[in-house]
Amino acid sequence: MFVKICGLMDPHTARFAVQKGANFIGLLFSKVSTRAISLEKAKEIVEAVRDAGGEPVAVFADESLDEMRKIIDALSLDVVQLHGDVPRSFCDQIPQKKIYVADGKELPKSLDKEKDFLLFEKSFQDPQGFRFFVAGNLSAENVEKTIQEFKPHGVDVSRGAREPDAIADFIEKARPGRFGPFGGMYVPELLIAPLMELEKAFKEIDIEKELLDLLKNYAGRPTAVTEVPNFAKAINGPRIFLKREDLLHTGAHKINNSIGQCLLAKKMGKTRIIAETGAGQHGVATATACALLGLECVIYMGQTDIERQAPNVFKMGLLGAKVVPVTTGAKTLKDAVNEALRDYAASYETTHYCLGSALGPHPFPAIVAKFQRVIGDEAKRQMREKIGRDPDLCIACVGGGSNAVGLFTAFLNDKVQLVGVEAAGAARFQNGSPGTLHGTYSYLLQDANGQIQETHSISAGLDYPGVGPKHSELFSTGRAHYDVCNDEEALQAFQLLCRTEGIIPALESSHALGFLMRIAHQLPKDAVVLVNLSGRGDKDVAHIQSLCK
Ligand SMILES: *Cc1c(COP(=O)(O)O)cnc(C)c1O
């Protein structure tokens, strides 16, 4: 769904709109419009829009041919919107891509179905095979209904989206599953039906009460927040608190999501759950939730990972799950996701795909983020109880991004610095670029031809070439910062937390701690830091022991 916003009058708001996911920003010049802007102002807006990755569009109504040419040239525009009153000869003469406001009269011959759009003001007319926008008093309140009714390729809004909040609202309604330009549902036709069904169920089925009960009485929520003064002293840092997801049943935050999705699936009438797993953590969490809820469970796992992670494979078996070896590609996580998606497309009438991180096509990033936001909601409350305010800095490791999004969501609108820490060998934000993998558009490690690159990290949970789309949005808008931690720093932090506090952190979580170790001495002494300890390190002990030999 394309979103075009007209009548914005300053570069700041225009940039915001593009960052939120608007594709086209319409500039008005006509003297009769109260939202008309000068050419100078237009230059500033065009620069901001292009810089943010959007497309500026001149909207012409009653300008003279000379004026129109002058504006197009001065701004080097690639797209123009033409009203039916603009002479057809002008439309035929210019090479720019056109959004043509159809008024029922014959269309100019030069319009190209491959390239150009029609736009219908108010009433719907025959699009004659063209892609088209609808317009006419759209707003966040009516855009969903309009899209359902007209099934357009784009929506055009002006008055209904002028201020930042209204713009954000409108775009979210028009393009659900989008995080600015990121996210989406880039999947083969076969997967659309199951994903739409899932989106509907996620919106409509209320599982909150049962989920709260299971999180409390089965998984062990709320998890503690622990201050770690010995660790803080050892790294010459300020006050440091840990959100203790390591204390959860199965040893990490992943169970929050697995229980949530499996419960939802059961309410949807599904009897079979499939999931992908790399190191086996999500596989174990999902097998656990399935055992609890009486659901059949099939876990796809790369053959290479099966050999590396024998204890988790055995655990999944104990929990009654079937582990299916994947022998395509590099036989690791990426290939396991592909197999799981293939199974889902063929079996969704009985089966739910329980995806393990805030990744993949819409609605998965939204679903996983919702089930993980309990981390941040709890932590925020707990910090206010402990110190009477929010922390200054929140840090979380970022694999696919679920534990980080779970923590960050509660603090997005506060004056809290957010830092996501990637493994140095899987640094999507430092070394990657936007692209599409596993159904979502987000930052990726890819070569010049778009081939996915191999990643390397001592911690299996951070070893993935893509990242959740919400993080790409937070990165591109600057709301969160992303840094890296290498294997050695993570190991040092791992050992230090064990020795100083009697807590064995997961290697993934040790990346967040390793980053903090590096920067701690630069922080103001009265700062308060909250680190999400996403999991416990029992699973990593044997591996670390083998490295120490
Ligand atoms: C899987 C895992 C991660 C990484 O996944 P995210 O979706 O980025 O949270 C981090 N920590 C632990 C303990 C894990 O098991």
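The values are calculated or read from the model by the stated rules, or taken from the named source; none is laboratory data. Small disclaimer: the values here were computed from a predicted structure and weren't measured. All Cβ positions, glycine included, derive from the backbone under ideal geometry; neighbour counts span all protein chains shown. Note: accessible area is taken over every heavy atom of the protein model, side chains too, but ligands, DNA and RNA are not part of it. Shrake-Rupley method; radii C 1.70, N 1.55, O 1.52, S 1.80 Å.
Here are the numbers:
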| item | result |
| --- | --- |
| Some residue of the stretch 254-269 being under 17 Å from Ser402 (Cβ atoms), within 25 Å of the chain's Cα centre (by Cα), within 10 Å of the ligand (Cβ to nearest atom) and outside any helix (DSSP H, G or I) | no |
| Helices (runs of 4 or more DSSP H) within the stretch 1-94 that include 3 or more residues over 28 Å from Ser110 (Cβ atoms) | 11-20, 39-51 |
| Those helices (runs of 4 or more DSSP H) lying entirely in the stretch 139-214 with at least 1 residues under 19 Å from Lys20 (Cβ atoms) | 143-150, 164-174 |
| Subset of the stretch 299-333 [hydrophobic (A, V, I, L, M, F, W, C) and in contact with a helix residue (DSSP H, G or I) (Cβ under 8 Å, 6 or more places away or on another chain)] | Ile299, Met301, Ile306, Val313, Met316, Leu319, Ala321, Val323, Val324, Val326, Ala330, Leu333 |
| Residues within the stretch 36-75 that are closer than 22 Å to His12 by Cβ, open to solvent by 60 Å² or more (accessible area, probe 1.4 Å) and touching a residue at least 24 places away in the same chain (Cβ under 8 Å), tallied | 6 |
| Leading residue by the ranking (farthest from the ligand (Cβ to nearest atom)) among those in the stretch 436-454 that are in a loop (DSSP other than H, G, I, E, B) and under 14 Å from Ser357 (Cβ atoms) | Gly439 |
| Yes/no for Phe179 being in contact (Cβ under 8 Å) with a residue 40 or more places away in the chain and open to solvent by less than 30 Å² (accessible area, probe 1.4 Å) | no |
| Qualifying residue in the stretch 378-394 (condition: buried (at least 20 other Cβ atoms within 10 Å of the Cβ), in contact (Cβ under 8 Å) with a residue 12 or more places away in the chain, within 16 Å of the ligand (Cβ to nearest atom) and outside any helix (DSSP H, G or I)) | yes |
| Tally of residues being in contact with a Gly (Cβ under 8 Å, 6 or more places away or on another chain), among the small types (Gly, Ala, Ser) and at pLDDT 95 or above across the stretch 476-505 | 3 |
| Residues located in the stretch 518-536, provided they are closer than 15 Å to Val228 by Cα and surrounded by 19 or more Cβ atoms within 10 Å (Cβ to Cβ) | Ala520, Val528, Val529, Leu530, Val531, Asn532, Leu533 |
| Enumeration of residues in the stretch 466-503 that are over 17 Å from Leu547 (Cα atoms), outside any loop (DSSP other than H, G, I, E, B) and open to solvent by less than 30 Å² (accessible area, probe 1.4 Å) | Gly466, Pro469, His471, Ser472, Glu473, Leu474, Ala480, Tyr482, Cys485, Leu497 |
| Single residue of the stretch 504-534 satisfying the filter (within 16 Å of the ligand (Cβ to nearest atom), assigned to a loop (DSSP other than H, G, I, E, B) and not polar (S, T, N, Q)) that is nearest to Gly356 (Cα to Cα) | Ala506 |
| Thr477 being more than 9 Å from the ligand (Cβ to nearest atom), among the hydroxyl-bearing types (Ser, Thr, Tyr) and over 18 Å from Phe408 (Cα atoms) | no |
| Unique residue being of a type in the set (D, E, K, R), under 22 Å from the mean Cα position of the chain (by Cα) and farther than 25 Å from Met9 by Cβ when the list is Glu149, Glu144, Glu172 | Glu144 |
| Residue count, the stretch 366-377 (criterion: within 16 Å of the ligand (Cβ to nearest atom) and open to solvent by 10 Å² or more (accessible area, probe 1.4 Å)) | 6 |
| Subset of the stretch 226-251 (residues that are farther than 15 Å from Ala512 by Cβ and either open to solvent by 10 Å² or more (accessible area, probe 1.4 Å) or modelled with pLDDT under 95 (or both)) | Glu227, Pro229, Asn230, Lys233, Ala234, Asn236, Arg239, Leu247, His249, Thr250 |
| Selection count, the stretch 307-360, where residues are part of a loop (DSSP other than H, G, I, E, B), surrounded by 24 or more Cβ atoms within 10 Å (Cβ to Cβ), away from the ligand (no atom under 16 Å from the Cβ) and within 26 Å of the chain's Cα centre (by Cα) | 0 |
| Near pairs, Cβ below 6 angstrom, 6+ apart or cross-chain, from the stretch 360-374 (among the hydrophobic types (A, V, I, L, M, F, W, C)) to any residue that is open to solvent by less than 10 Å² (accessible area, probe 1.4 Å) and more than 13 Å from the ligand (Cβ to nearest atom) | Phe371/Gly260 |
| Scan of the stretch 435-452 for residues that are more than 12 Å from the chain's Cα centre (by Cα), crowded, with 22+ Cβ neighbours inside 10 Å and in contact (Cβ under 8 Å) with a residue 24 or more places away in the chain, ordered by number | Leu437, His438 |
| Residues being of a type in the set (Val, Ile, Thr) and within 13 Å of the ligand (Cβ to nearest atom) - total across the stretch 224-251 | 1 |
| Residue match in the stretch 487-497 (condition: over 18 Å from the mean Cα position of the chain (by Cα), over 28 Å from Arg239 (Cα atoms) and away from the ligand (no atom under 16 Å from the Cβ)) | no |
| Tally, over the stretch 395-429, of residues that are more than 16 Å from the ligand (Cβ to nearest atom) and either over 21 Å from Ile519 (Cα atoms) or not in a strand (DSSP E or B) (or both) | 6 |
